[in-house]
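What follows is a short report on a single structure.
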């Protein structure tokens, strides 16, 4: 099934948190929206696992609430009080009915992971389709402490190297999801890379 953005109706700043139903019901990130666990419960009776793309506050603030409602395992790259499984680059992890490869993609965050299957990319904040800076291929901000434009550029290249041509959908941490129509997902990422390589401020003052 198509992932459900369970924070879509949020009135607070949050990431997109995606629920994937199937053999392994999975939530990708938890977001900051109060009551997100209730929306998850509207769609599934059980939640097998929560996968964290990274641990910025807008991605994990409601994790406690989700885990209070569901006896779910937590997968993350970096240590976290609730982490039950560590994930590293190249690991395979089941979400819903598909198997995804974890791809280490730092730059926006030192612990950032993206997840790629034969059909789908969960890109977190390393690459998004649209935001306040660009409308058809953008990248995570790198102007805050601990962030690196150079590492993010390498991460975008890594995604392109490991992205199957069969990937038809990209689900980013912010903005709209993207589905192949007139152009492939790869083209969106290549535009984001070209823009990142300009080394210009993403949000000029």
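The values are calculated or read from the model by the stated rules, or taken from the named source; none is laboratory data. Nothing here was measured: the structure is a model prediction, and the numbers come from that model. Heads up, the Cβs are rebuilt from the backbone with ideal geometry, glycines too, and the neighbour counts pull from every protein chain shown.
A few notes on this one:
- Test: residue in the range 129-139 that is under 18 Å from residue 3 (Cα atoms) and touching a helix residue (DSSP H, G or I) at 6+ places or on another chain (Cβ under 7 Å): yes
- Options 103, 74: the member that is more than 14 Å from the chain's Cα centre (by Cα) and more than 22 Å from residue 13 (Cβ to Cβ): 74
- All positions within the range 185-205 that are buried (at least 16 other Cβ atoms within 10 Å of the Cβ) and part of a loop (DSSP other than H, G, I, E, B): 202
- Within the range 3-42, the set of residues being assigned to a loop (DSSP other than H, G, I, E, B), touching a residue at least 60 places away in the same chain (Cβ under 8 Å), closer than 17 Å to residue 68 by Cα and under 12 Å from the mean Cα position of the chain (by Cα) comprises 29 only.
- The set of residues from the range 88-126 being over 19 Å from residue 59 (Cβ atoms), touching a residue at least 24 places away in the same chain (Cβ under 8 Å), in contact with a strand residue (DSSP E or B) (Cβ under 6 Å, 6 or more places away or on another chain) and outside any loop (DSSP other than H, G, I, E, B) comprises 94, 96, 101.
- If you filter the range 127-147 down to residues that are assigned to a loop (DSSP other than H, G, I, E, B) and in contact with a strand residue (DSSP E or B) (Cβ under 6 Å, 6 or more places away or on another chain), you find that the one that is modelled with the highest pLDDT is 129.
- Qualifying residue in the range 86-99 (condition: touching a helix residue (DSSP H, G or I) at 6+ places or on another chain (Cβ under 6 Å) and either surrounded by fewer than 24 Cβ atoms within 10 Å (Cβ to Cβ) or under 16 Å from residue 29 (Cα atoms) (or both)): no
- Pairs where the first residue, in the range 171-194, is touching a residue at least 24 places away in the same chain (Cβ under 8 Å) and the second is surrounded by fewer than 16 Cβ atoms within 10 Å (Cβ to Cβ), C-beta under 6 Å, 6+ apart: 189/160
- Search result, residues across the range 59-78 that are part of a helix (DSSP H, G or I) and surrounded by fewer than 20 Cβ atoms within 10 Å (Cβ to Cβ): 64, 65, 67, 68, 69
- Yes/no for residue 47 being more than 30 Å from residue 160 (Cα to Cα) and either touching a strand residue (DSSP E or B) at 6+ places or on another chain (Cβ under 8 Å) or crowded, with 16+ Cβ neighbours inside 10 Å (or both): yes
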